[in-house]
Structure formats: C-alpha cells, structure tokens
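Asker: Please see the structure below; I have some questions.
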Amino acid sequence: MSLLKVEHIAKSFGGVKAINDVSFELPKGQLLALLGPNGAGKSTCFNMLNGQLRPDSGSIKLEGVELVGKHPRQIWRAGVGRTFQISATFGSLTVLENLQMVLLSRYKKLNRWWKPVTHYFQEEAMVLLDQVGMADQADRACSVLAYGDVKRVELAMALAHEPTLLLMDEPTAGMAPRERNQLIALVKKMVVDRNLSVLFTEHSMDVVFEHADRMMVFARGELIADGDSDMIRNDARVREVYFGS
Ligand code: ADP
Ligand code: MG
C-alpha cells in the first residue's frame, strides 16, 4: 500500500483553479520533487496535504486514513511533518536547545518551565544533530549560524517529530547552488536511512535531476507529467510548459 494516496483533489480561489483534479500516490522511502512555474499550484497542493487548506473536493489518505477535514495539528500528529520557508528556530537559543524544545514539545505542551528542563533529551537531540552534520555546532546560538546551517537545524527539528511524510516547500530558497545541492543530498540520505517519504519543491533542475527519485510537474493547477528524470527531460508537454522549448 502507498503511504500517501491523493485522489482527484481540487481547490479554487474565486475563479482561479489553483489545483484541478490532481491524483497521485507516494510510496514509502521516496524523494519526490514537485516542479512547475510560479502559480502552478505547488504550494496550494502542499497546504492541502498538511491541512492548512481544505480541498473543495477529493481525498487525501495517509496509510489508508482520510486526512481531509482533519485539523493541521491532527495531520501533523498522524505523521505529516513540514519545514517552513521562514526560519522556525529561536535565534537566541543554542542549536541543541532548539532541538530539545522540539523533542520536549513532542511529549508535553511547552510552557514557562521549559528552561530548567533543557537537560532532557540531550542525547536524542545530539543524535539528530549528528545526522544532519551539526553536532559540532550544538552549543552555538542559532542567530550566528550560516544560512545553510540553519536549514540543517530545521531539518533536524522536523525529523524530531518522526514524520512518515515530510513536506518541504522551497527548502533551498535563498541558498547558493552548492548549499542547495548539499541540503537536498542530506534530505536524500534521510529518505534512504529512515525510509522516509519527502515531497519538496525546488527551482534548480540540476539539483532535482541529481537527487530526486521522481518528479511531478504541475502547470496551471494540473499534473502534466509524473516520472523519473529521463521521462521528465523528454516529455514534450514539460518542455513546452516548463522549459519553454
Ligand atoms: P506555486 O506554489 O506553484 O507558485 P500557488 O499554489 O501558490 O502556486 O498558486 C496557485 C494559484 O492559486 C495562483 O494563481 C495563485 O495566485 C492562486 N492562489 C494561491 N493561494 C491563493 C489564495 N490564498 N488566495 C487567492 N489565490 C491564491
Ligand atoms: Mg509556491
């Protein structure tokens, strides 16, 4: 059974069909890139998957369980994690403390007394930081980190919730090409190591072709192609709509 099964979802804003009858499935352990020009409907698709937007019609099932109609928090609890374009870290706290906060919030509601309990989950936090290559910067404040390193911390924070499906909308926005490649290579490693499924959007075709297992191309709210890099490269509609040739 697929991890995620999306059937005939649609979403309009006024007269604009942002997503028009889109269906796809996502197995476990796959890195899937969502491509398409600006306004194609990628973010709308993400926002329906994590419950921020309710589809006008259609079904979204995670391991057979219907997600449409559920609150974003319930969907997050069901195993759908996401990273944010705007930094989700607390700059004045250290890298380690940021991770500890997330791990703590998994078990308890955060409240004013979190500070004295930062010795909890240290080991677990360090394991995650090690996985994203940030263990050596654990004691630095997030505010002084390089941009790409903040993104690594955010990835560790997202993984701390142990999602089965991770959604990353433009995770490399604002990054230099080399940093982009490194971050997506790291995400790919997590996909393999953890049998995690990741859906992400990315503008650099080089990065996508190098790391993604599969690509889906959206144009004007429709899914126009779905396949591996060879299929996508050679798809006439994709070339026309997306590459303009
Ligand atoms: P992408 O992420 O691929 O750039 P979006 O999903 O953000 O595309 O947008 C798809 C279409 O839906 C665009 O035409 C956009 O203007 C429209 N749209 C997205 N969100 C809203 C909204 N909240 N209100 C009105 N129109 C929206
Ligand atoms: Mg978008």
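The values are calculated or read from the model by the stated rules, or taken from the named source; none is laboratory data. Model, not experiment: these values are computed from the prediction. Quick reminder, even Gly has a Cβ in these numbers, built from the backbone with ideal geometry, and neighbours come from all protein chains shown.
Asker: Going by what's in this entry, would residue 5 be described as more than 15 Å from ligand 1 (Cβ to nearest atom), assigned to a strand (DSSP E or B) and not assigned by TED's automatic domain parsing to the domain that holds residue 153?
Answerer: Numbers: more than 15 Å from ligand 1 (Cβ to nearest atom): yes; assigned to a strand (DSSP E or B): yes; not assigned by TED's automatic domain parsing to the domain that holds residue 153: yes.
So residue 5 fits the description; yes.
Asker: Can you work out which of the residues in segment 36-62 that are within 8 Å of ligand 1 (Cβ to nearest atom) and under 14 Å from residue 23 (Cβ atoms) is surrounded by the fewest Cβ atoms within 10 Å (Cβ to Cβ)?
Answerer: Per the stated criteria, the residue is 41.
Asker: A further question on this structure: Taking residue 143, is it at pLDDT below 90 and outside the structural domain of residue 187 (by TED's automatic domain parsing)?
Answerer: On the way: at pLDDT below 90: no; outside the structural domain of residue 187 (by TED's automatic domain parsing): yes.
Here the answer is no, as residue 143 does not meet what is asked.
Asker: Go through 167, 186, 155, 129 for me and flag whichever is among the hydrophobic types (A, V, I, L, M, F, W, C) and under 17 Å from residue 49 (Cβ atoms). Let's see the steps before the verdict.
Answerer: On the way: 186 fails: under 17 Å from residue 49 (Cβ atoms); 155 fails: under 17 Å from residue 49 (Cβ atoms); 129 fails: under 17 Å from residue 49 (Cβ atoms).
One residue alone meets the criteria, 167.
Asker: Moving to a separate point now. Suppose the filter is more than 30 Å from residue 141 (Cβ to Cβ) and buried (at least 17 other Cβ atoms within 10 Å of the Cβ); does residue 65 pass it? First the steps, then the outcome.
Answerer: Details: more than 30 Å from residue 141 (Cβ to Cβ): yes; buried (at least 17 other Cβ atoms within 10 Å of the Cβ): no.
Criteria not met by residue 65.
Asker: Would you say residue 172 is surrounded by 17 or more Cβ atoms within 10 Å (Cβ to Cβ) and within 16 Å of ligand 1 (Cβ to nearest atom)?
Answerer: Working: surrounded by 17 or more Cβ atoms within 10 Å (Cβ to Cβ): yes; within 16 Å of ligand 1 (Cβ to nearest atom): yes.
So residue 172 fits the description; yes.
Asker: Name the single residue that is modelled with the lowest pLDDT among those in segment 15-40 being more than 13 Å from ligand 2 (Cβ to nearest atom) and not in a strand (DSSP E or B).
Answerer: 15
Asker: Sticking with this structure for a sec: Of all residues in segment 185-204 being assigned to a helix (DSSP H, G or I) and touching a residue at least 60 places away in the same chain (Cβ under 8 Å), which is surrounded by the most Cβ atoms within 10 Å (Cβ to Cβ)?
Answerer: First, the residues of segment 185-204 that are assigned to a helix (DSSP H, G or I): 185-194.
Restricting the remaining residues to those that are touching a residue at least 60 places away in the same chain (Cβ under 8 Å) gives 187-188, 191-193.
Values: 187: 26, 188: 16, 191: 21, 192: 11, 193: 10.
Ranking the qualifying residues of segment 185-204, first place goes to 187.
Asker: Still on this structure, please answer the following. Does residue 194 count as closer than 23 Å to residue 98 by Cα and of a type in the set (Lys, Arg)?
Answerer: Numbers: closer than 23 Å to residue 98 by Cα: yes; of a type in the set (Lys, Arg): yes.
Yes.
Asker: Residues to consider are 169, 130, 228; find the one that is in contact (Cβ under 8 Å) with a residue 24 or more places away in the chain and of a type outside the set (Lys, Arg).
Answerer: Values: 130 fails: in contact (Cβ under 8 Å) with a residue 24 or more places away in the chain; 228 fails: in contact (Cβ under 8 Å) with a residue 24 or more places away in the chain.
Matching residue, one of 169, 130, 228: 169.
Asker: Taking only segment 141-184 into account, find how many residues are touching a Gly at 6+ places or on another chain (Cβ under 6 Å), polar (S, T, N, Q) and part of a helix (DSSP H, G or I).
Answerer: 1
Asker: Of the residues 151, 188, which is in the same structural domain as residue 73 (by TED's automatic domain parsing), touching a Leu at 6+ places or on another chain (Cβ under 7 Å), more than 16 Å from ligand 2 (Cβ to nearest atom) and not aromatic (Phe, Trp, Tyr)? Give the steps one after another, and end with the answer.
Answerer: Numbers: 151 fails: in the same structural domain as residue 73 (by TED's automatic domain parsing).
Result: 188 is the single residue among 151, 188 that is in the same structural domain as residue 73 (by TED's automatic domain parsing), touching a Leu at 6+ places or on another chain (Cβ under 7 Å), more than 16 Å from ligand 2 (Cβ to nearest atom) and not aromatic (Phe, Trp, Tyr).
The rows are residues; the columns are (1) in contact with an Asp or Glu (Cβ under 8 Å, 6 or more places away or on another chain); (2) at pLDDT 95 or above; (3) in the same structural domain as residue 170 (by TED's automatic domain parsing).
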site: 45; (1), (2), (3): no, yes, yes
site: 54; (1), (2), (3): no, yes, yes
site: 59; (1), (2), (3): yes, yes, yes
site: 63; (1), (2), (3): no, yes, yes
site: 75; (1), (2), (3): no, yes, yes
site: 107; (1), (2), (3): no, no, no
site: 122; (1), (2), (3): no, no, no
